[in-house]
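Any read-out appearing in this document is the output of simple, stated calculations on the displayed coordinates, not a laboratory observation. The structure displayed is predicted, hence computed values, not measured ones. FYI the Cβ positions are ideal-geometry reconstructions off the backbone, even for glycines, and counts take in every protein chain you see.
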């Protein structure tokens, strides 16, 4: 029997509440293999064990499993009777799937009744692989490792462990809505909150048809990348250009950016409440642009009816770029576009806005009507993985 064995780290520390995290991880695993249904899923100690379908090869399994939050590492393992010769035979088969190179054997023996200890199993199985495949042993920097787990009912043999996504199972901490600009920061902020178990829907503000569709297309692609971690996503595309023109016509130049952001907060909160969100996620980093000074962020967040999470607030741009590259969103984020954030922006925007002055400027607008119109005009796009 071929199984995916995922191993917890942080989840294993949750004590009496661990079952909630494990059940959420099981649900997420079913979702990511929805088109290739798993025969069974069970938890055993710090492990999640799922019997794999025959119609999905090891590469396809690994490609999906590495996006499963809550799993520190995993292996594609084969069950073997508790017999040393049977273990050797499967270990040789698994080692033969690797390119030529050095190897090591690593055994974990949960079943203490097995006649050999972990070091003895390593030595016996390692010698069998070396003789059968003429491969050198390297205990420190091997090209690959063969992993063996001696359990009470059987042994599990795999050609090494693969790093998982870590964090907490997605959805276990609730639901939020992320403001996705199409730039470098917001996808990284979204990823960091998803890794803490927060399921996200996404909101993107665009100025089409006043400008091209480029920013919309980027938002769709970024959501497709992020959806690998949550199997399905909703992207809400808000036409913002008309509202911006209304603000421009009735506001002094320096305050425009602050008012744009406050209206975005109101609209995002309204959309988020409709999807069951209890928090707003942004990619703001303190002092990075005019709207992200301490004073402006304080004034802007007053317009939000939901709490705001800013996972990047203390990070510098180089740190964010490094994470965007690792996430795979950087190349999409830097594609040229014309987003609403650059439309009608004053040459010298206000960086130290005062709430009294901003509220006075907003008193000239029918805020409720403007927010309702934007929500009503919002388009909804869906993304699925795989």
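So how far, in whole Å, is the C-alpha centre of the range 103-162 from the one of the range 197-214? Their Cα centres are 50 Å away from one another. Taking every alpha-carbon pair within the range 65-192, the share separated by more than 17 Å comes to 64 percent. Cβ crowding within 10 Å ranks 108, 161 as 108, 161, fewest other Cβ atoms first.
Dividing the mean sequence gap of close Cα pairs (under 8 Å, 6+ apart) by how many residues the range 174-384 holds gives a relative contact order of 34 percent. Select from 291, 186, 278 the residue whose mean-square fluctuation is largest in a Gaussian network model of the chain (Cα-Cα springs shorter than 10 Å). Looking only at 291, 186, 278, the biggest GNM fluctuation is shown by 278.
Under the rule of -39500 (n - 2.57) per DSSP H run of 4 or more residues, summed and divided by the residues of the chain, what mean residue ellipticity at 222 nm is obtained, to the nearest 500 deg cm²/dmol? Before the final figure, lay out each step's value.
Details: 13 runs with 145 residues, N = 386.
Value at 222 nm, helices only: -11500 deg cm²/dmol.
Each of 55, 27 has some number of other Cβ atoms within 10 Å of its Cβ, and from fewest to most they run 55, 27.
Taking the Cα centre of each part, how many Å lie between the range 24-72 and the range 350-386? So the two Cα centres are separated by 40 Å. Over all alpha-carbon pairs in the chain, figure out the percentage whose distance exceeds 38 Å. More than 38 Å apart: 34 percent of the Cα pairs in the chain.
Over all projection directions, the Cα-based convex hull of the range 202-349 averages an area of 9.0 nm². Normalised Debye scattering of the range 156-205 at q = 0.16, 0.18, 0.20, 0.25 Å⁻¹ gives log10 I(q)/I(0) of -0.53, -0.61, -0.69, -0.89, counting only Cα atoms as equal scatterers and leaving out solvent.
Each of 355, 237 was scored by other Cβ atoms within 10 Å of its Cβ. Arranged with the fewest first, they read 355, 237.
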